Every structure is written in structure tokens, then in C-alpha cells.
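Read-outs throughout are calculated quantities, based only on the coordinates presented, and are distinct from any laboratory measurement. Computed from a prediction, not measured in an experiment: that's the story for all the values here. As a convention, Cβ positions derive from the backbone with ideal geometry for all residues, glycine included, and neighbour counts pool all protein chains shown.
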Amino acid sequence: MSAVPAASSSPSPSLSDGRPTAATGVAGAPATAAPLRTRLLGIGALTGVELLGNGMVMFSAAQLMHALGLTAAQFGLAYTLYGVAAIVMLCKHRWMVERLGYRRFAAGSLLVHAAGSLVCACADGPALFMLGRLLQGLGGATFFTAGRLVVNTLPPANRLAGMKAFVTGMFTASALAPLLAALLLETVGWRGLFLAALPWAAVVTRLALRHLPTDITPPEARSQAHWGWLLWLAVGSFGLQYAIQAIGVAPAELPMLALVAGGSAVALLPFAWRQWHHERPLLDYRGLARQRYLVGLCLYFAGYALIGASGLMLPWLLHVAGGVGLGATALVCSASVVASLAMALFHLMYGLRWPRHRVWMLVGLVLVGAGNLAIARTGTEALPSMVCAGLLVGLALPLFMGPVALNTFIELPPEVLSHATQVKNVVRQLGLSSGIALATFSLHVFAGGEGARAGMGGWIADALRGLAAAGGEADGLVAARLVFALLAVGVLPLGVVVAGQRVIR
């Protein structure tokens, strides 16, 4: 890893107004220090670190569980530890940048993330795997946020290009994840999923770190540590994340898990109250109490829940339940994400020229519902039809998420933009977790797994066995198809909310 220059003591524009002068471009570096293209490559590479690694892990969940002897609950606990570490670091993001500067912070995060990947690669059971995922969460949480905030350090004329680089990095990493995971599983083995993070870290170091701001914030303007409250946040977040993921593997415990989730959410209120009243908080909510921002957060949560659920279920339906080969499954999943990239860039170009944001969102939701319904109705043997259905879902999601992204932050004062991005990415983590939990819970209930018959799913399981016998399909395959049907139905109330709201129009 290249040496990190000493940080200066001037305030960082990337954390304040986001409006660098033409002379500085990226904070702490002259505008002529590097070609714009290299900076844009750096933004894309930085943004993709977490998405590539997490995408490979989620795609390979069944193989990892088999190789390491993990139960579904243990794999879910590892995911919870990753999520809690990510949430804590997202809340600590600004605090770290104020003291280290973005370049040092990103370099340290890359080291921690690489160390976590190495621990996972060396794991021979649940304990080391969970430790590695915890370290990956601590190191990887910063990259998505950093990639977005560094766009604000570009000169105003170049920020659209910066956003294109951010979006391209995000979707390219997500599209590569299934293909790379399938290739590594079939050639190197599951350990290669984590060892691949090491050369990627070297690429990011080469492309991104030298263009990141080195500025630090003067001591009198820095947010304070709040270590006790941070521990409180970690405990509350763990309870909430654990309850969310456990719903999918232990539906019979739903009342107790709901109690744990509710209690954890209530326990987080003192942390939020303390931050609200503190002079120099970790997260400054006071400037975020804007109707447009709050509505945007709710829509972000819903969108990421859809992404989490469909992202988990598509490879499960094709490979685990349907018996489609790993390579073909990866191609279907990656094609869907490539379609998302194309539509996201299209919307970025034309969404502001035709700013009928509610229309874009409603069209996206209609297509999401149609795509999920098509997946539910298509047999896994009809792979071309399944590809078309996956492409439809991929095209649809940016039509919903794009207007949300364009509108959520526009009324916020520049000085709270980094806080707003941190909070939004916490919501992103919770939305993904909730979507995955919803999908696994529904799959468990529909398939009549342990506890489902004693709970709410016995009659559903019996009906599914009848359908499976009539159609010559396994119970699990029918259950997976019904999860997609549930996702298709689930967009209806969301569409009603989008059509009825008067904030993002």
C-alpha cells in the first residue's frame, strides 16, 4: 500500500459545503494534479469494494454454509455482525475523517477490510468466519459513503460525471459479483471468494487513494467521541439486526423476536435524543428534519428491501431450488444488474430533463411487479424467459430508486450533507437486512419448515405440496416462486403510497 501523506489542518470541503473552488477541485490537491478520468475511475473503484465482496458472499451463501458447516442461524449471525459493524462505522464515519482525513481513513479501512477477508479465507468453522465478517463490516462500511461524498469534492461542472462514475462503480461491482463468485467457486474454491479481495484492495489503492482529500478538521470544530453512547448504539443495533435476520430462520419465535426488535428500537431512542441535544454530535439530525428528506429515507428503505429480497431469491430459485448450473445462474443475475446499470445511466441523463419523478417511480414499480410475477410464473427450465424476467426487474429498480436519489438531499443545507449520507446508508443497511429477512421468512413458511406448521404456515405448506405434486416440482421450488409472487403483490401498497404522496412529484 502506498504511503499516505501527512494531513493538513484546514477544514475539509468534502465534509462541509461540497463546493470546491476551481483551483482546488479535490480538497487538498490541485485541480491539475490528475486527469479527471483517473479521479472518476478512483470513485468507481472505491464505491465497488463493499458491493463486490458482499455480492459474492450472498451469491455463494449455500456453498459457504456447506463448506464451513454453518447452520442458517450461524450464517445469519455472521451477517448480523457485519451489519452492526457497518452501522457503527457509518455513525463514526465523520468522526474518523475529521481526525485522519479521507485518504488515511480509506487506507486504514482497506487494511481492516483486507484483514477480515484474510480471516474469512482461513476460517475452518463459524467462529473465525464471524470474526472475519465483523472485520469486513468495520472496514467496508466506509467505501459506499466515501465514494458518494468524494463526488462533492469535484468542481461543479464535473459532478455529473462524478455521479456517473459512482453509479457505474456501484452497478459494475454488483454485476461482477455473481460471475466472479461462480468462477472462483468452480476453479479455486470458496476461499477464493475472500482472497480475491486482496488484489482488489491493491487496485483501489492505486486508483483512488492518491485522489482523496487529506484535510483534517481543526480540533475545536470536530465532533466528539461519545464512546459510551457508541457502545449503546452497537448493543441496540445488534438486537435490532439479530431480530430482523432471525425472523427468516426461526419464524416460530416471531413474537419473541418482535419483542426483541421493538425493545432494541426503543433502546436506540436515548442515543438519538443525546445526539439531537449535543453541541457536536456524531450525527447531526437537527438539520435533517425536512419532509422531503424523511420521505426519501422511507422510500430508500422500501427500495433496498426489494433489492435485498430479489437479490437473495433469484440465485436461490435458479441454483438451489431449480438445479440450474452455477455459471448459468451467475449469468442471469449479472444480466439483471447490467440492465440496472443501463437504466440508471439513462435516468441520470434524462430524469432531470423530464422531472416527472412520481411517474418514473410508478412506472418502475409496475415493472418491478411485472418482472417478479414473470419470474414466479416461469419454470427454471425456460432459461431465456427467466433471463427476460430478470432483465425486466433490473430495468425497473433504477426507475424507482433514481428519482428517490435525485430528490432526497436537494433541500438540505450543505453543512449537513455528510450526516444525511451517513443516515441514508444506515437505512440502506437496515432495508437490505429487512428484505433478506422477509424473503427467508416467506420461503420458510411457504415450504413448511420447522416451526412453520405450528405457527402460521401449516395450511400454506399443505397447499404447496398439492401444487408441487400436481406440477411435478419440488416443494422448495414452488415456495421460491411464491416468494416472487409475494414480492409482486408487495409493490401494490408501495405504489399507492408513492401515488398518494405530494413531496416527490
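Brief remarks follow.
- Scattering profile of the range 109-151 at q = 0.32, 0.33 Å⁻¹ [log10 I(q)/I(0), Debye over alpha-carbon scatterers]: -0.96, -0.99
- Using the Stokes-Einstein relation with a Kirkwood hydrodynamic radius computed over Cα pairs, the translational diffusion coefficient of the range 34-207 at 25 °C and a viscosity of 0.890 mPa s comes to 150 µm²/s.
- Computed over the alpha-carbon atoms, the range 225-281 gives an Rg to Rh ratio of 1.11, Rh here being the Kirkwood radius from the mean inverse distance.
- Sorted by Cβ density within 10 Å, fewest first, the residues Asp124, Asp215: Asp124, Asp215
- Acute angle (nearest 10 degrees) that the helix 126-151 long axis makes with the longest principal axis of the chain, alpha-carbon atoms: 50
- Pairwise label distance in nanometres, Val266 with Met65, each label 7 Å out on the Cα-Cβ vector: 3.3
- Helical content of the chain, expressed as a calculated mean residue ellipticity at 222 nm, amounts to -25000 deg cm²/dmol (DSSP H runs of 4 or more residues, -39,500 (n - 2.57) each, divided by residue number, nearest 500).
- Normalising the average separation of contacting C-alpha pairs (under 8 angstrom, six or more residues apart) by the number of residues puts the relative contact order of the range 225-281 at 40 percent.
- Shape analysis of the chain yields a ratio of the Cα radius of gyration to the Kirkwood radius, Rg/Rh, of 0.96.
- Rounded to the nearest 10 degrees, the inclination of helix 197-207 to the longest alpha-carbon principal axis of the chain is 30 degrees.
- Ranked list, fewest to most other Cβ atoms within 10 Å of each Cβ, for His211, His278: His278, His211
- DSSP loop GluC sites (Glu not before Pro) with at most 15 other Cβ within 10 Å: longest gap in the chain: 1-278
- Axis angle, to the nearest 10 degrees, between helix 254-267 and the longest C-alpha principal axis of the chain: 10 degrees.
- Note on the range 259-344: Rg/Rh from Cα positions, Kirkwood definition for Rh, rounded to two decimals, is 1.19.
- Cα centre as origin, Lys/Arg/Asp/Glu Cβ charges: the range 290-505 dipole, Debye: 760
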